[in-house]
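I have placed the structure first, in the form of structure tokens, so that the comments after it can refer back to it.
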Amino acid sequence: MNNRFEKLIFFPFVIGIIILGACSDNVWNELPSPLTSFIERYYPGSGVSQFMQDDNCYKVKINNGATLIFDSEYNWLSIDGNGVRLPEVIVYDEVPPALFSYLQGTAQQGSVYRMRRDKNYYKLTMEDTVITYDISSGKVTYPDGTTLDS
């Protein structure tokens, strides 16, 4: 009797995992290939829990991980670790070399929790500060107004 009871409890659990896996595959299959390539590169082995698209952007939520927003041409606009540091390789690859050098010089390259960008700036959120990198001038600005050359 005890063995039968264990099977009754275990069976719905297995079915639930299969259904969740199928849902995750369906979401993954909806993604445009440039987005899957980006995710495979920086978040290998991660599934996707949510994908939304409108006329101007794509929003992807990685299982237990980051939220990514891309423009209509598949360029990232925002990478939010949702309370977890971003992989250092994504910071290295996706910010201008001068900004990464600045981060290295201040030992902050592994402390980025969120990155946003547009055609004028990069904004990096760290644990205890936010820095803005002006693309045209190459200057780094802190919230208190302090500006440094990168």
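The values are calculated or read from the model by the stated rules, or taken from the named source; none is laboratory data. Just so it is clear, the model here is predicted, and its values are computed rather than measured. We place every Cβ from the backbone using ideal geometry, glycine too, and count neighbours over all the protein chains shown. Heads up: the accessible areas ignore ligands, DNA and RNA and are worked out on the full protein's heavy atoms, side chains in. Shrake-Rupley method; radii C 1.70, N 1.55, O 1.52, S 1.80 Å.
What to note about this one:
- Cα centroid separation - the stretch 118-150 against the stretch 78-116, whole Å: 12
- Converting phi to 3J(HN,Hα) with the Karplus coefficients 6.51, -1.76 and 1.60 and the offset θ = phi - 60°, the stretch 43-50 yields 9, x, x, 8, x, 10, 9, 8 Hz in sequence order, with x at every glycine or proline.
- For q = 0.14 Å⁻¹, Debye-computed log10 I/I(0) when each Cα of the stretch 46-150 counts as one equal scatterer: -0.55
- Whole-Hz Karplus values for the stretch 107-113 come out as 6, 10, 4, x, 10, 8, 9 Hz, taken residue by residue from phi with 6.51 cos²θ - 1.76 cosθ + 1.60 and θ = phi - 60°; glycine and proline positions read x.
- Average accessible surface for the stretch 26-134: 53 Å² per residue, computed with a 1.4 Å probe over protein heavy atoms with every protein chain in place.
- Filtered GluC sites (Glu not before Pro), the stretch 41-150: DSSP coil and at most 14 other beta carbons within 10 Å: Glu73, Glu127
- For the stretch 30-40, Karplus couplings with θ = phi - 60° (6.51, -1.76, 1.60), whole Hz, Gly/Pro x: 6, 6, x, 4, x, 6, 5, 4, 4, 5, 4
- For Leu77, the residues whose amide H sits under 5 Å from its own are Ile69, Phe70, Asp71, ignoring neighbours fewer than 5 places away on the same chain, with H placed 1.01 Å from N.
- Length-normalised contact order for the stretch 51-150 - Cα pairs under 8 Å, 6+ apart - percent: 16
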